[in-house]
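One structure is given below, encoded as structure tokens.
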Amino acid sequence: MVGMLGSPTRRSLRLVAAVVALGAVAALTACSGAGSDGNGGTASPKPSASSRPSPSPTPDPIADLTLQQRVGLLFLVGTPATGADPATLDAVTNRAVRGVFLAGRSRAGTAATAQLVAQFTGIAPATGDNGIPLVVATDQEGGQVQVLRGPGFSEIPSAVDQGTTDPGALEASARTWGAELKSAGVTMNLAPVADLVGSPEQAGANPPIGGYDREYGYDPDTIVAHAGAVATGMRASGVEPVIKHFPGLGRVTANTDTATDVVDTAVTADSPDVDVFRRLLPTTGAVMMSNAVYQNIDPSGPAVFSSAIVTDLLRKQLGFRGLIVTDDLSATAQLKAWAPADRAILAVRAGCDQLLVSADPSVAAEMIDAVVAHAQGDPAFAKQVDAAARRIATARKS
């Protein structure tokens, strides 16, 4: 009896052992697949694709702005650096303009300039619409083109003189100049000049740049080194530099501020003039357009109105993602053939972001109203307004 029962019992025990062993292997396999880190440790289970949280979308900085507020972001309206112009105050108060340009000349110093700026920030606080602050700009190049002087402001040498100094020392000086601007409430400087003037002899025939000693030198490397130093120093102090005047104003023989039909016959899309800007783009968040006509790039009209130059060349070919700023649209002789309203619309349509109305703020209301009305009736144009406002808002909130 015992012999008969012994064999099946041993078989049963072996079967049970086999089942237990298989279970252990299965458990080890499960641990290896779901919890092993491959090094003998225990890893966290991997969530399925459906259980992973989706990344939060980046909030649209202009989502809560009205069309009027979006258009208002596009404008930099001038006021004398010695006092608030009523037209500029009206533009900030009643048309949601969030850019002011200090024009002319002042020797009142940093404290008085800060008081002037406070008149505008009192209307449009630093927190701004949807957290977008007012920007205050000026021309603080140095030499003959320095708007702000007096107690607290340095006497800045001309670009010609700056170009003879060590770039490292120039960057340190630019930090000081930028800090002076920032203390007065200025947050954007329409400088440095990056225009290529070929030689001292050619400078004498170039009224807008050479005529005012605004060139840093006469070869691309010198300009890039010194204009780049100024831009870097300004940014380090919290002031945004605006490199100008794309695609180069160093070859013309007349000044667009005072002359009509100013045409450049030398600069091409591949010229050293354009390459200077390409090399300087990493140092800045903003570039100013020229008002000249460029025969070899787009002879149909001024660069500021040319999508071939603003969008195709600067934005696409050179890959610039920052703000594209116009030169003055209000009183320059070169643009007198166009009504003020048309100047603003054409600049936006070409791809410009920030519209400078510096010399004659009385035309700002007409320009602003025209852009609003055009955006209301043209969806494609409205998208361009939104794209410009979004770039401006993003830059100011960063």
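Rule-based calculations on the coordinates, nothing more; no lab input. All figures in this text were calculated on a predicted structure; none of them were measured in a lab. So basically every Cβ, Gly included, is an ideal-geometry build from the backbone, and we count neighbours across all protein chains shown.
Here's the picture: charge each Lys and Arg Cβ at +1 and each Asp and Glu Cβ at -1 in segment 265-398, and of 340, 282, 265 the one pushed furthest to the positive end of that dipole is 282.
One Cα centroid belongs to segment 363-388, the other to segment 241-314; the line between them spans 24 Å.
Segment 67-397 has equivalent-ellipsoid semi-axes of 27, 25, 17 Å, by the square roots of 5 times the alpha carbon gyration tensor eigenvalues, sorted largest first. Once backbone amide H atoms are built at 1.01 Å from N, residue 359 has 330, 331 as its partners under 5 Å, excluding neighbours fewer than 5 places away on the same chain. Amide H contacts under 5 Å for residue 153: 110, restricted to partners 5 or more places along the chain or on a different chain, H placed in the peptide plane at 1.01 Å from N.
Rounded to the nearest 20 debye, the dipole magnitude of segment 67-397 is 1100 debye, with +1 charges on Lys and Arg beta carbons, -1 on Asp and Glu beta carbons, and the Cα centre as origin. Taking 25 Å as the limit for the C-alpha separation, the pairs 316/336; 182/336; 336/383; 182/316; 316/383 exceed it in the case of 316/336; 182/336; 336/383; 182/316.
Backbone phi angles across segment 167-177, fed through the Karplus curve with coefficients 6.51, -1.76 and 1.60 (θ = phi - 60°), yield HN-Hα couplings of x, x, 5, 5, 4, 4, 5, 5, 4, 5, 4 Hz in residue order; Gly and Pro are listed as x. In this structure the amide hydrogen of residue 250, modeled in the peptide plane, comes within under 5 Å of the amide hydrogens of 196, none closer than 5 places in sequence on its chain.
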